[in-house]
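Right, one structure below, let's go through it.
The values are calculated or read from the model by the stated rules, or taken from the named source; none is laboratory data. Computed from a predicted model, the values in this text were never measured in an experiment. Here the Cβ is made from the backbone with ideal geometry for all residues, glycine too, and neighbour counts use every protein chain on show. The accessibility values were calculated without ligands, DNA or RNA, using every heavy atom of the protein model including side chains. Shrake-Rupley method; radii C 1.70, N 1.55, O 1.52, S 1.80 Å.
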Amino acid sequence: MVEISAQQKSWGVSYGEMVRREFVKNKLNVVNLVLIVILFALAVLAPFLANDKPFMIRLDGKLMFPLFASLTASDYSILLAAAIGIWQLILIRRNRRNIEPSVRGQVLTRQLLINASILLVGSILFFVFMPRRLDATDYKGLISSGRASDAIFAPIPYGYARTDLKVREQPPSKEHWLGTDDVGSDVLCRLIYGSRISLSVGFVAVGISSLIGVFIGSILGYFGGKVDFIGMRLVEIMMAIPVFFLIITIVAYWQRSLFNIMVIIGLTTWTANARFVRAEFFKLRNQDFVQAAVSLGLPLRSVLFRHMLPNGIAPVLVEATFGIAGAIFIEAALSFLGFGVAPPTPSWGQMLSLGVSTTGRFLWWLTLFPGLAIFLTVLAYNLVGEGLRDAIDPRLRKAA
Amino acid sequence: MIPTMLGITIIVFGISRLAPGNPVSLSMGPGGQLDAQRAADVRKARMQLYGLDKPIPVQYVNWLKHVVTFNFGDSIKHHRPVIELIKERLPITLTLNLIAFVIIYVVSIPTGMLAAVRHKRFFDQFSSVVLFMLWSLPAMLVGQLLIGYFCGPAFVSWFPPAGLSSNQADTLPFFPWLTDRLWHLVLPVICLTYSGFAYLTKQVRAGMLESLRADYVRTARAKGLSNVTVIFRHAFRNSIIPVITIMATLLPAMLGGSVIIERIFSIPGMGMLAFEAVTTRDYNVVMAVATIAGLMNLVGLLLGDIAYAVADPRVSFESSV
Amino acid sequence: MNNSTLLAVDDLSVHFFTEDGLAKAVQGVSFAIEKGKTFALVGESGCGKSVTALSIMRLVPDPPGKIVSGKIMLEEKNLLRLSEKQMRHVRGNQIAMIFQEPMTSLNPVFTVGEQIAEAIKLHQKKDSERAWADAVEMLKRVGIGDAEGRACEYPHQMSGGMRQRVMIAMSVSCQPDLIIADEPTTALDVTIQAQILDLLDELQQQNGMSILLITHDLGVVAERADDVAVMYASRIAEKAEAKPLFEEPLHPYTQGLLKSVPQLGFEGERLATIPGTVPDPLHFPSGCKFHPRCPVGGQDKRCRTVEPELREVRPGRHVACWYATDYQTQQERNEYESKYRQ
């Protein structure tokens, strides 16, 4: 256990801290959180886990590092994002120790903004300056032909786009631990890379949906009256639209692309967030601190987002975790139907659709493993969301 | 209601017109064997034919006029009026969904109630975990596994892997035909129901927990009523109210899910129609399906509102519509 | 236990086993309610009076609460030993309870008439029609106009005062021997409070039933109660008939309570209070639970270490205080008073 300094004790326990403690009381929640972290690690470290280029190889006597040389801009961006994420978590820990609660929020916001900007600028720089290197050298062939030696490969020595029609539709074996798909790509490798797609869809879609929902919900909740009346009609229209049909309608008219899917899911699922925030804001609107803020002449955006929102954000966070699970589901469903990302980009849903081959054989490994991947990921997020909800609720009840 | 319906039609129409390309050039395809002048003429003629040369608001109104009379035009792929296709397929999807709906309710309500009464004890925790796992299982996985293992040579062959009826089924008299139909529906219904269990059971449980803690339950006990009466008459009657309103949201979720189920089991319903239409870019059908799905949603929501007003005496009908 | 006693609570203890620890909500509480009389149980929030009342009805929520010891004798029967089925026969029938919050104590989805008739049908085995007629009759008796019409209304259509009348009608409908009224007027407007209490008095006289009145309002106690027990932090501090208690309170806590009631005509004087706050049931002080706030025994070693028992210091006067038991003469009393006045 972490010892709490005397200073921390005197500050008391913040709301986030209370929720965190309640959350970790249940071991199941911790296990799920660990599972999610592992998934993240898989997604971030994918090129190091499964790659057909070796870390190191001696070619014609010279020592080369093809794997590192072939890392793409997106790989670097993802690594940068992970590094910044870890740094931010360390900072939060430090904040809790050293900074007084009342200014902690400001400090945290400032840190988040700085880190996000670093990430953004870094990613842009990567994409602009990193040349696209396509390395199609058959390193394994080089080894067997004797030109190269002393190679260290990644644990799963296959590339996700590498096809090998000689070994298509093979059940799990020593060479391909989870089998191969219809064009001979290694299933395990594509599974690992597929996690990137799933997780990014989850987060971007939920990010968009949360932003829109919070924005609309806060305005409706704060103003009430006519604004609320008209606004709720709009929200109801969005709610009445069958989301899945809308998504496939949009997909019918636009091209298939990962970005489109993320944006569309985000644009169609914000209504739940809006409703939650609106309900919270209705409750908060009449509280004294809000009236105090308004009477001090603070601008509207400050009242809404700096003062009221932190108090009403809890249901949004819970909904966000469920939303990530839902978005992963939707993306898998779309890819399964053929409306999602296009090959060779790996997607769990698309892999699932290959379960029954064109010859009618049941390729169980193509059904089971991607299905399990989806299942475990969604389960982990759902359970974490539920755990979060339970952690927040008794706190609220006791504090009320 | 009306403004919501208008809103839906505007959105559906807007999508179809905002997309890059227009139906005519897409149906004509790239390139082609006609020379440039001929191609332009054909395009112009077609656009006039479909009314695509008029300004967009006018197009919308025209389309809307047709929609109101359920005239959705003809399917480009099937060369038949869309409304006929829908009339054929809608009942199938509705049947599938209604059966699933009933099963979900019949199973979830007792389970939720039991979980609430045995709060935090074994049944509650156990069912909670099981239900979460069911909720997280993707239908595609379950469907394919079921087909793979129960319909074919791999394991056992108890159920048919596809379709709604066996071949030559229409030659059978009524009861055998019905049995055959039901036999075909077993697996699809299983796929459609299992995920609904989790959601509804959780809601029933939450509602019951809240009711059981309420003051009026304490009053009922103080009157000397038996535990059974207290739970089933007092607590249940109150907790059922939020559950009814969920009916409204459950139906649209299942409609969306049936697209996948119908695809996996090759059932010729609305979902399958939508799927085919999207893959073949059959725009009339796509728009029709989206509009009809929206309409069904609205009906579901309306029914939910009415049921809510009936169940809860605190709510008057006018205030909820 | 004599013939005029209806209900005798003997050494009742109720503990709550919570996540945060063991809370001894009620400890060693004993009192007796006479037939046809009103017994008031007074104390601040959290002293255990509501839990005591719930224990009589055996409605204490079982996890986390448990009645760990004691007897509750109703006419030769120990209520704590009855089976659940037998207890249900007692509830609503021989002992009825009225709760504090009329807003939430009535089921919102059933009409008022149905809820009253339900009890009648259960205990008096009447059919629906007769039960309904009785229910309407009850509504009339509690002073609700247009009883037939009102019986078909839902609770949300009625005001707080009217709902409380409905609760009273429901509890009196089966002619119980004892009505437990847990803060029946706290949630109501002051003008309505008097009406409700008058109603209870009237019904008491008509039916000859006893009332256990739970309240923190001393004014109500002074007006309506025959016997009083003052509770503090899970124990009874003082027990006596109403008039002697108010004329001459013996326990420092009771004295403090009475002193802190604002009085007309005393302007310019500072309002007396009892310093400190009621202790948390999870962390009771040692010895006499009142000692941290007591002007008399705050520094006394005995008060700090040993819990005083409830003793009959004079006929009909029971006090749980080391100092109260000790003085008998006027001189000692003067010393005591001067200590208290400082």
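Under the condition of being in a strand (DSSP E or B) and surrounded by fewer than 21 Cβ atoms within 10 Å (Cβ to Cβ), the residues counted in region C:17-36 number 9. Among residues of region B:212-239 being open to solvent by 30 Å² or more (accessible area, probe 1.4 Å) and more than 7 Å from every other protein chain (Cβ to nearest Cβ), the one that is nearest to B:Leu298 (Cα to Cα) is B:Phe236. Reported count of residues in region C:37-94, each being within 16 Å of the chain's Cα centre (by Cα), more than 21 Å from C:Ala233 (Cα to Cα) and in a loop (DSSP other than H, G, I, E, B), is 1.
Of note, C:Glu76 does not satisfy the criterion of being open to solvent by 20 Å² or more (accessible area, probe 1.4 Å), within 14 Å of another protein chain (Cβ to nearest Cβ) and over 20 Å from C:Gln204 (Cβ atoms). Quick one: in region A:60-69, which of the residues that are in contact (Cβ under 8 Å) with a residue 12 or more places away in the chain and under 30 Å from A:Leu178 (Cβ atoms) is most open to solvent (accessible area, probe 1.4 Å)? The residue in question is A:Phe68.
Counting just the residues of region A:120-159 that are of a type in the set (Phe, Trp, Tyr) and open to solvent by less than 80 Å² (accessible area, probe 1.4 Å), which one comes out modelled with the lowest pLDDT? Among those residues, the one meeting the criterion is A:Tyr139. Condition first: surrounded by fewer than 22 Cβ atoms within 10 Å (Cβ to Cβ), at pLDDT below 85, part of a loop (DSSP other than H, G, I, E, B) and away from every other protein chain (no Cβ under 14 Å). Can you find one or more residues in region A:314-334 that meet it? No - not one qualifying residue is present in region A:314-334.
Any residue that is within 14 Å of chain A (Cβ to nearest Cβ), open to solvent by 60 Å² or more (accessible area, probe 1.4 Å) and in contact (Cβ under 8 Å) with a residue 24 or more places away in the chain - is there at least one of those in region B:96-111? For region B:96-111, residues within 14 Å of chain A (Cβ to nearest Cβ), open to solvent by 60 Å² or more (accessible area, probe 1.4 Å) and in contact (Cβ under 8 Å) with a residue 24 or more places away in the chain: absent.
For region C:85-112, a residue qualifies if it is more than 23 Å from C:Arg58 (Cβ to Cβ) and surrounded by fewer than 24 Cβ atoms within 10 Å (Cβ to Cβ), and the qualifying residues are C:Met103, C:Pro108, C:Val109, C:Phe110, C:Thr111. Restricting C:Glu309, C:Glu267 to those that are among the charged types (D, E, K, R), more than 26 Å from C:Phe31 (Cβ to Cβ), open to solvent by 30 Å² or more (accessible area, probe 1.4 Å) and assigned to a loop (DSSP other than H, G, I, E, B) reduces the list to C:Glu267.
The set of residues in region B:245-270 being surrounded by fewer than 20 Cβ atoms within 10 Å (Cβ to Cβ), away from chain A (no Cβ under 13 Å) and over 14 Å from the mean Cα position of the chain (by Cα) consists of B:Pro268 alone.
The number of residues in region A:215-234 being surrounded by fewer than 23 Cβ atoms within 10 Å (Cβ to Cβ) and away from chain B (no Cβ under 14 Å) comes to 10. Those residues that are farther than 12 Å from A:Val384 by Cα and modelled with pLDDT of 85 or more, I need them from region A:19-36; list them, please. Across region A:19-36, there are no qualifying residues. Given the criteria in contact (Cβ under 8 Å) with a residue 40 or more places away in the chain, open to solvent by 30 Å² or more (accessible area, probe 1.4 Å) and of a type in the set (Phe, Trp, Tyr), does B:Tyr283 qualify? So B:Tyr283 fails the test.
In region C:111-142, the qualifying residues are those that are without any contact (Cβ under 8 Å) to a residue 40 or more places away in the chain and outside any helix (DSSP H, G or I), and the one that is farthest from C:Cys174 (Cα to Cα) is C:Asp127. Considering only residues in region A:338-350 that are within 11 Å of chain B (Cβ to nearest Cβ) and modelled with pLDDT under 85, the one that is nearest to A:Thr163 (Cα to Cα) turns out to be A:Gly338. Just one of the listed residues (C:Asp182, C:Asp146, C:Asp127) is among the acidic types (Asp, Glu) and within 11 Å of another protein chain (Cβ to nearest Cβ), namely C:Asp182.
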